[in-house]
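Okay, structure first, notes after.
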Amino acid sequence: MRVATNAVARRITWAAALLLIVLLLLVVLRLPWAGDLGIHAATVERLRHDLVHPGNPLVDADTPSPYYSPWMLLLGCLAKATGLGTFVVLRVAALAGLTLLVTGVWHFVRTLSARRAAPPLALLCLLLLWGPRLFTWSGFPGLNSLALTIAYPSTFALGLSFHLWALLRKALRDGARGPAFLGLGLLWAAVLLSHQFTGVVASFGVLAMVLGARPLPTRALLLRLAGGLALGLAVLAAWPYYSFFGLFGAGDLEQIHRSLYRDLPAHFGLVLPGVVALALRLRRDRRDPLALFFLLGALMFAAGGLTGHYSWGRVLPAALIPAQLAVALEVVGAGRPAVRRAYAAVLGAALLLGAWTQAGTLGYVVPRAALPARVEAKYRPPWPGYHWLTGQVKYGDIVLAKTFPARQIPAYGPYTVAPGYPDFFLPDQEARLRAVRDYFAASTPRAERLDILWRYGVRWIVQYPGDGGLGPDDPALRRAATGPRGQVLYEVNG
């Protein structure tokens, strides 16, 4: 009877994991737009036109950008070689990122457990064990968050990180030769260059795998590991598209990330069974790699909150992911059946609550009208985009717009006067932001508004009614198009 029950549980686990994978595949087809998708589309656009000197992805300036990573360079080459549209290329990126993430979780979990149910259960925990209140952020692979960030470099980098940890565990276990560790060093550098915050998570995972290796690495293995580290650092230093180490001086990131420290139980409370599982693993093995991984991430997250370095909160997946994996491994482990059943009951309830919290994800693959009312209430509509501009606004044209439109317009090829996102490498960022504010301010004289348009070579203006700026009847403007929610496209005469 117990064998039959276990078999049914395994089938349910596999079926649920496959259903979520299918759901995410359908999301790839729809590619809902929210958050940072615009800047990644703009990056592909710039690389499509110039692979060597793409310039700033958002404004017409010759500056480096951390968005020009190895992964985005590969996507830019794909766009240039095939002529595929930018959003088609991003769908390819989403499919590749999802494939890397799913296979990476499978690969890594198989180094921790031989149980057949461990990988699909671990994937379910990774997607659903977050909190009773919806939370979405790049690099945090909850189901709803992943649906909106699946084409981002963070998804690619996280999938690559799982493979990196798995390959490192195998290399340490098998006493691999030098070339294997050099390859791991290149993989580590690719993660860091592609998404810096995920790179920190990956680095903590690497450190935990080394500290938790059994037996401890020999001197020869440590020297090979040092060789891989040195090669990775050399690649980081030599990357030509931006200064990786220059990012350590980046400012203006703390307030953006302060929300990572708010409402922690509501956003991440369902991970608590995993913390208990980690404590049990640590009790059995003082060098358990998942427990060490969790401790490294939790300590840095706490340090960020205590010191006001809120951007350090982006390391939180280094604490959440080990806990999510640990509870899955505990349920399928070889302990006492009564304990496993109790764990399975708690985990099952947590997974169901997590699934209900993120049920609005269904809205990205089925018509909103088809959703039950209670599910529809959880659905957050994606952004409509600015494709309505493309009939008139051409690649390289300069558009003046406020921050929200400026986060999307460069995805289609134009530039904006001010970047929609903080840009550490743009020296006149504050002047550009001030120019946009001044143009729309009610107290700004007409002559000063015209000077702003001339100074930045503005060809088009996008604004909502009531934004301010030059009046619709001003001779310097021509009404060219109307978009969603009353937005207007004006052409600047002369």
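The values are calculated or read from the model by the stated rules, or taken from the named source; none is laboratory data. Fair warning: this is a prediction, and the values are worked out from it, not measured in the lab. Heads up, the Cβs are rebuilt from the backbone with ideal geometry, glycines too, and the neighbour counts pull from every protein chain shown. For accessibility, only protein heavy atoms count, side chains too; no ligands or nucleic acids. Shrake-Rupley method; radii C 1.70, N 1.55, O 1.52, S 1.80 Å.
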Original post:
Do you know which residues across the range 134-144 are in a loop (DSSP other than H, G, I, E, B), of a type outside the set (Ser, Thr, Tyr) and either out of contact with any His (no Cβ under 6 Å at 6 or more places or on another chain) or at pLDDT 95 or above (or both)?
Top reply: LEU134, TRP137, GLY139, PHE140, PRO141, GLY142
Original post:
Would the range 111-128 turn up any residue that is in contact with a helix residue (DSSP H, G or I) (Cβ under 9 Å, 6 or more places away or on another chain), assigned to a helix (DSSP H, G or I) and farther than 24 Å from GLN358 by Cα?
Top reply: no
Subject >> Single residue of PRO422, PRO484 found to be within 31 Å of the chain's Cα centre (by Cα) and within 18 Å of PRO57 (Cα to Cα) >> reply: PRO422
Original post:
Which of the residues that make up the range 166-179 are surrounded by fewer than 17 Cβ atoms within 10 Å (Cβ to Cβ) and part of a helix (DSSP H, G or I)?
Top reply: LYS170, ARG173, ASP174, GLY178, PRO179
**OP:** Considering every residue within the range 431-438, establish whether at least one is over 32 Å from the mean Cα position of the chain (by Cα) and either surrounded by fewer than 19 Cβ atoms within 10 Å (Cβ to Cβ) or touching a residue at least 60 places away in the same chain (Cβ under 8 Å) (or both).
**Re:** yes
**OP:** For the range 435-450, indicate whether the set of residues that are touching an Asp or Glu at 6+ places or on another chain (Cβ under 6 Å) and closer than 20 Å to ASP62 by Cβ is non-empty.
**Re:** no
**OP:** Tell me, yes or no, whether the range 271-278 has at least one residue that is outside any helix (DSSP H, G or I) and either over 30 Å from LEU247 (Cα atoms) or not aliphatic (A, V, I, L, M) (or both).
**Re:** no
Original post:
For the range 439-469, how many residues are exposed (fewer than 14 other Cβ atoms within 10 Å of the Cβ) and either within 26 Å of the chain's Cα centre (by Cα) or outside any helix (DSSP H, G or I) (or both)?
Top reply: 7
Original post:
In the range 48-60, how many residues are assigned to a helix (DSSP H, G or I) and farther than 22 Å from ARG432 by Cβ?
Top reply: 1
Original post:
Can you name the number of the only condition in (1) of a type in the set (A, V, I, L, M, F, W, C); (2) assigned to a helix (DSSP H, G or I); (3) buried (at least 24 other Cβ atoms within 10 Å of the Cβ) that TRP106 fails?
Top reply: (3)
Subject >> Subset of the range 254-292 [touching a Leu at 6+ places or on another chain (Cβ under 6 Å) and over 14 Å from GLN324 (Cβ atoms)] >> reply: ASP288, LEU292
Subject >> Members of the range 197-248 found to be assigned to a loop (DSSP other than H, G, I, E, B), without any contact (Cβ under 8 Å) to a residue 24 or more places away in the chain and surrounded by 14 or more Cβ atoms within 10 Å (Cβ to Cβ), listed by number >> reply: none
Original post:
When the residues of the range 249-266 are filtered to those that are touching a Pro at 6+ places or on another chain (Cβ under 9 Å) and in a helix (DSSP H, G or I), which remaining residue is most open to solvent (accessible area, probe 1.4 Å)?
Top reply: PRO265
Original post:
What do you reckon, is ARG314 crowded, with 21+ Cβ neighbours inside 10 Å, farther than 30 Å from VAL8 by Cβ and basic (Lys, Arg)?
Top reply: yes
**OP:** Test ALA94 against the criterion of being open to solvent by less than 70 Å² (accessible area, probe 1.4 Å), out of contact with any strand residue (DSSP E or B) (no Cβ under 6 Å at 6 or more places or on another chain) and under 22 Å from PHE140 (Cβ atoms), and give yes or no.
**Re:** yes
Original post:
Does any residue of the range 75-90 turn out to be touching a residue at least 12 places away in the same chain (Cβ under 8 Å), surrounded by 18 or more Cβ atoms within 10 Å (Cβ to Cβ) and within 13 Å of the chain's Cα centre (by Cα)?
Top reply: no
Original post:
When residues of the range 48-69 are filtered for being out of contact with any strand residue (DSSP E or B) (no Cβ under 7 Å at 6 or more places or on another chain) and open to solvent by less than 40 Å² (accessible area, probe 1.4 Å), how many remain?
Top reply: 10
Subject >> Qualifying positions in the range 412-430 - open to solvent by less than 70 Å² (accessible area, probe 1.4 Å), of a type in the set (Phe, Trp, Tyr) and not in a strand (DSSP E or B) >> reply: TYR412, TYR421, PHE425
**OP:** Could you please find all residues in the range 18-47 being more than 26 Å from TRP106 (Cβ to Cβ), outside any helix (DSSP H, G or I) and either hydrophobic (A, V, I, L, M, F, W, C) or touching a strand residue (DSSP E or B) at 6+ places or on another chain (Cβ under 9 Å) (or both)?
**Re:** TRP33, ALA34
Subject >> Residues located in the range 360-398, provided they are open to solvent by 70 Å² or more (accessible area, probe 1.4 Å), under 26 Å from TYR464 (Cβ atoms) and assigned to a loop (DSSP other than H, G, I, E, B) >> reply: ARG380, PRO381, LYS394, TYR395
Original post:
What is the residue count in the range 399-411 for residues that are open to solvent by less than 30 Å² (accessible area, probe 1.4 Å) and in a helix (DSSP H, G or I)?
Top reply: 5
